[in-house]
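What follows is one structure encoded as C-alpha coordinates, with my remarks underneath.
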Amino acid sequence: MRGARGFTLMEVLVAMVLLSLFAVVTYRSLDAVLNIQQQAIAKMDRLNELASAFAIMDKDLANITTRVDPRIPLDGGFRALMRQDGAAQFDLLRLHPEDAENGLQRTGYRCAGETLNRLVWQDVNNPFDTPQESTLVGGLRSCTFKYMNTGGQWLSVWQAQTGRLLPRALELTVTESDGTPIRRVFAVQ
(Lines give C-alpha, C1' and ligand atoms only; values in the text may rest on other atoms or scores of the structure.)
Protein backbone atom coordinates (compact mmCIF):
# COMPACT_ATOMS: atom_id res chain seq x y z
CA MET A 1 0.00 0.00 0.00
CA ARG A 2 1.31 3.29 -0.95
CA GLY A 3 1.34 6.16 1.48
CA ALA A 4 -0.75 9.26 0.93
CA ARG A 5 1.23 11.89 -0.78
CA GLY A 6 0.59 15.63 -0.03
CA PHE A 7 1.99 18.83 -1.38
CA THR A 8 5.59 19.62 -0.79
CA LEU A 9 6.59 22.82 0.91
CA MET A 10 7.94 24.14 -2.39
CA GLU A 11 4.61 23.57 -4.15
CA VAL A 12 2.72 25.37 -1.36
CA LEU A 13 5.13 28.34 -1.51
CA VAL A 14 4.81 28.61 -5.31
CA ALA A 15 1.00 28.52 -5.02
CA MET A 16 1.08 31.24 -2.34
CA VAL A 17 3.37 33.45 -4.43
CA LEU A 18 1.11 33.07 -7.48
CA LEU A 19 -1.97 33.80 -5.38
CA SER A 20 -0.27 36.87 -3.87
CA LEU A 21 0.70 38.19 -7.32
CA PHE A 22 -2.87 37.67 -8.53
CA ALA A 23 -4.22 39.54 -5.47
CA VAL A 24 -1.83 42.48 -6.00
CA VAL A 25 -2.68 42.77 -9.71
CA THR A 26 -6.40 42.58 -8.92
CA TYR A 27 -6.09 45.22 -6.17
CA ARG A 28 -4.14 47.59 -8.44
CA SER A 29 -6.67 47.16 -11.24
CA LEU A 30 -9.60 47.80 -8.92
CA ASP A 31 -7.86 50.83 -7.41
CA ALA A 32 -7.21 52.27 -10.88
CA VAL A 33 -10.86 51.76 -11.88
CA LEU A 34 -12.07 53.44 -8.69
CA ASN A 35 -9.72 56.41 -9.23
CA ILE A 36 -10.93 56.83 -12.80
CA GLN A 37 -14.53 56.63 -11.62
CA GLN A 38 -13.87 59.27 -8.95
CA GLN A 39 -12.25 61.59 -11.53
CA ALA A 40 -15.16 61.06 -13.93
CA ILE A 41 -17.69 61.92 -11.21
CA ALA A 42 -15.73 65.08 -10.30
CA LYS A 43 -15.59 66.11 -13.98
CA MET A 44 -19.33 65.50 -14.41
CA ASP A 45 -20.07 67.57 -11.29
CA ARG A 46 -17.93 70.38 -12.72
CA LEU A 47 -19.67 70.20 -16.10
CA ASN A 48 -23.05 70.28 -14.35
CA GLU A 49 -21.93 73.39 -12.42
CA LEU A 50 -20.92 75.07 -15.69
CA ALA A 51 -24.15 74.01 -17.41
CA SER A 52 -26.16 75.50 -14.56
CA ALA A 53 -24.24 78.79 -14.80
CA PHE A 54 -24.74 78.85 -18.59
CA ALA A 55 -28.48 78.23 -18.17
CA ILE A 56 -28.84 81.14 -15.74
CA MET A 57 -26.88 83.41 -18.06
CA ASP A 58 -28.89 82.26 -21.10
CA LYS A 59 -32.16 83.00 -19.28
CA ASP A 60 -31.00 86.50 -18.33
CA LEU A 61 -29.85 87.27 -21.87
CA ALA A 62 -33.05 85.84 -23.39
CA ASN A 63 -35.08 88.34 -21.34
CA ILE A 64 -32.90 91.38 -22.01
CA THR A 65 -34.55 94.70 -22.80
CA THR A 66 -33.41 98.20 -23.64
CA ARG A 67 -34.41 101.41 -21.97
CA VAL A 68 -33.06 104.75 -23.03
CA ASP A 69 -32.00 106.84 -20.05
CA PRO A 70 -31.44 110.50 -20.99
CA ARG A 71 -28.84 110.77 -18.21
CA ILE A 72 -26.66 108.09 -19.87
CA PRO A 73 -26.70 108.42 -23.69
CA LEU A 74 -26.26 105.19 -25.69
CA ASP A 75 -26.56 103.13 -22.49
CA GLY A 76 -29.81 101.40 -23.41
CA GLY A 77 -29.63 99.24 -20.31
CA PHE A 78 -26.56 97.22 -21.39
CA ARG A 79 -23.13 98.23 -20.14
CA ALA A 80 -19.80 96.44 -20.45
CA LEU A 81 -16.72 97.60 -18.62
CA MET A 82 -13.27 96.61 -17.49
CA ARG A 83 -12.84 97.32 -13.79
CA GLN A 84 -9.67 98.77 -12.28
CA ASP A 85 -8.88 95.39 -10.69
CA GLY A 86 -8.84 93.79 -14.18
CA ALA A 87 -12.23 92.11 -13.84
CA ALA A 88 -14.42 92.10 -16.96
CA GLN A 89 -18.06 92.89 -16.27
CA PHE A 90 -21.32 93.57 -18.05
CA ASP A 91 -24.77 94.36 -16.79
CA LEU A 92 -28.17 94.49 -18.40
CA LEU A 93 -31.85 95.08 -17.80
CA ARG A 94 -34.04 92.01 -17.99
CA LEU A 95 -37.80 91.72 -18.31
CA HIS A 96 -40.27 89.86 -16.16
CA PRO A 97 -37.97 88.20 -13.68
CA GLU A 98 -39.90 86.25 -11.09
CA ASP A 99 -37.84 87.74 -8.26
CA ALA A 100 -38.12 91.45 -9.06
CA GLU A 101 -40.69 94.18 -8.64
CA ASN A 102 -42.10 96.29 -11.48
CA GLY A 103 -41.11 93.78 -14.16
CA LEU A 104 -37.48 94.96 -14.53
CA GLN A 105 -34.25 93.94 -12.88
CA ARG A 106 -30.63 95.00 -13.39
CA THR A 107 -28.48 91.88 -13.54
CA GLY A 108 -24.86 91.43 -14.50
CA TYR A 109 -21.89 89.10 -14.69
CA ARG A 110 -18.30 89.57 -13.63
CA CYS A 111 -15.21 87.54 -14.47
CA ALA A 112 -13.08 88.27 -11.44
CA GLY A 113 -9.87 86.31 -10.96
CA GLU A 114 -10.81 82.66 -10.67
CA THR A 115 -14.59 83.11 -10.51
CA LEU A 116 -17.63 83.88 -12.64
CA ASN A 117 -20.07 85.88 -10.53
CA ARG A 118 -23.68 86.95 -11.04
CA LEU A 119 -24.63 90.44 -9.89
CA VAL A 120 -28.11 91.67 -8.94
CA TRP A 121 -28.88 95.29 -8.13
CA GLN A 122 -31.63 96.13 -5.65
CA ASP A 123 -32.49 99.40 -7.42
CA VAL A 124 -33.04 98.94 -11.15
CA ASN A 125 -32.57 102.68 -11.70
CA ASN A 126 -29.19 102.93 -10.00
CA PRO A 127 -26.51 100.86 -11.79
CA PHE A 128 -23.85 102.55 -9.64
CA ASP A 129 -25.28 101.03 -6.46
CA THR A 130 -23.39 98.08 -4.96
CA PRO A 131 -24.90 94.83 -6.31
CA GLN A 132 -25.51 91.59 -4.47
CA GLU A 133 -22.88 89.18 -5.82
CA SER A 134 -23.01 85.39 -5.94
CA THR A 135 -20.41 83.00 -7.34
CA LEU A 136 -21.66 80.76 -10.15
CA VAL A 137 -18.36 79.03 -10.96
CA GLY A 138 -15.10 79.10 -9.03
CA GLY A 139 -11.65 77.60 -9.51
CA LEU A 140 -11.10 78.93 -13.03
CA ARG A 141 -7.76 79.79 -14.57
CA SER A 142 -9.31 82.61 -16.61
CA CYS A 143 -12.64 84.02 -17.73
CA THR A 144 -13.36 86.53 -20.54
CA PHE A 145 -16.28 88.12 -22.37
CA LYS A 146 -16.53 89.22 -26.02
CA TYR A 147 -19.36 91.03 -27.78
CA MET A 148 -20.51 90.67 -31.40
CA ASN A 149 -21.28 93.90 -33.24
CA THR A 150 -23.71 94.38 -36.12
CA GLY A 151 -20.97 93.44 -38.63
CA GLY A 152 -20.41 90.05 -36.98
CA GLN A 153 -17.03 90.98 -35.49
CA TRP A 154 -16.09 90.00 -31.95
CA LEU A 155 -15.06 92.92 -29.73
CA SER A 156 -13.34 92.81 -26.35
CA VAL A 157 -15.05 96.05 -25.32
CA TRP A 158 -18.68 96.85 -26.11
CA GLN A 159 -19.61 100.29 -27.40
CA ALA A 160 -23.27 100.83 -28.23
CA GLN A 161 -23.71 101.58 -31.92
CA THR A 162 -26.19 103.81 -33.66
CA GLY A 163 -29.35 101.81 -34.17
CA ARG A 164 -28.06 98.93 -32.06
CA LEU A 165 -27.77 99.36 -28.29
CA LEU A 166 -27.27 95.63 -27.65
CA PRO A 167 -24.63 93.29 -29.02
CA ARG A 168 -25.88 90.57 -31.39
CA ALA A 169 -24.23 87.88 -29.29
CA LEU A 170 -22.06 87.47 -26.24
CA GLU A 171 -19.17 85.02 -25.91
CA LEU A 172 -18.03 83.65 -22.58
CA THR A 173 -14.72 81.78 -22.54
CA VAL A 174 -13.58 80.10 -19.35
CA THR A 175 -10.38 78.16 -18.90
CA GLU A 176 -10.51 75.42 -16.31
CA SER A 177 -7.74 75.04 -13.75
CA ASP A 178 -6.33 72.14 -15.80
CA GLY A 179 -6.08 74.38 -18.89
CA THR A 180 -9.22 73.12 -20.68
CA PRO A 181 -10.90 76.02 -22.51
CA ILE A 182 -14.70 76.13 -22.68
CA ARG A 183 -16.37 78.61 -25.02
CA ARG A 184 -20.09 79.40 -24.96
CA VAL A 185 -21.88 81.84 -27.28
CA PHE A 186 -25.20 83.35 -26.20
CA ALA A 187 -27.64 85.03 -28.57
CA VAL A 188 -28.75 88.40 -27.27
CA GLN A 189 -32.45 89.04 -27.93
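The values are calculated or read from the model by the stated rules, or taken from the named source; none is laboratory data. As the structure is a prediction and not an experimental result, all values here were calculated from the model. Quick reminder, even Gly has a Cβ in these numbers, built from the backbone with ideal geometry, and neighbours come from all protein chains shown.
Of all residues in region 53-112 being more than 16 Å from Gln132 (Cβ to Cβ) and in contact with a helix residue (DSSP H, G or I) (Cβ under 8 Å, 6 or more places away or on another chain), which is modelled with the highest pLDDT?
Leu95
Results for (1) touching a Pro at 6+ places or on another chain (Cβ under 6 Å); (2) of a type outside the set (Gly, Ala, Ser); (3) modelled with pLDDT under 90, shown as yes or no for each residue.
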site: Asn125; (1), (2), (3): no, yes, yes
site: Ser134; (1), (2), (3): no, no, no
site: Ser142; (1), (2), (3): no, no, no
site: Phe145; (1), (2), (3): no, yes, no
site: Val188; (1), (2), (3): yes, yes, yes
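What is the one condition in (1) under 19 Å from Asp60 (Cα atoms); (2) free of Cβ contacts under 8 Å to residues at least 12 places away in the same chain that Thr173 does not satisfy?
(2)
Could you run through region 125-180 and say how many residues are of a type outside the set (Val, Ile, Thr), in a loop (DSSP other than H, G, I, E, B) and within 17 Å of Arg46 (Cα to Cα)?
5
Which members of region 153-179 meet the condition of being out of contact with any strand residue (DSSP E or B) (no Cβ under 9 Å at 6 or more places or on another chain) and more than 20 Å from Asp91 (Cα to Cα)?
Selection gives Gln153 alone.
Evaluate the following for Arg183: is it under 20 Å from Thr66 (Cβ atoms), out of contact with any helix residue (DSSP H, G or I) (no Cβ under 6 Å at 6 or more places or on another chain) and either at pLDDT below 90 or surrounded by fewer than 18 Cβ atoms within 10 Å (Cβ to Cβ) (or both)?
When the stated conditions are applied, Arg183 does not pass them.
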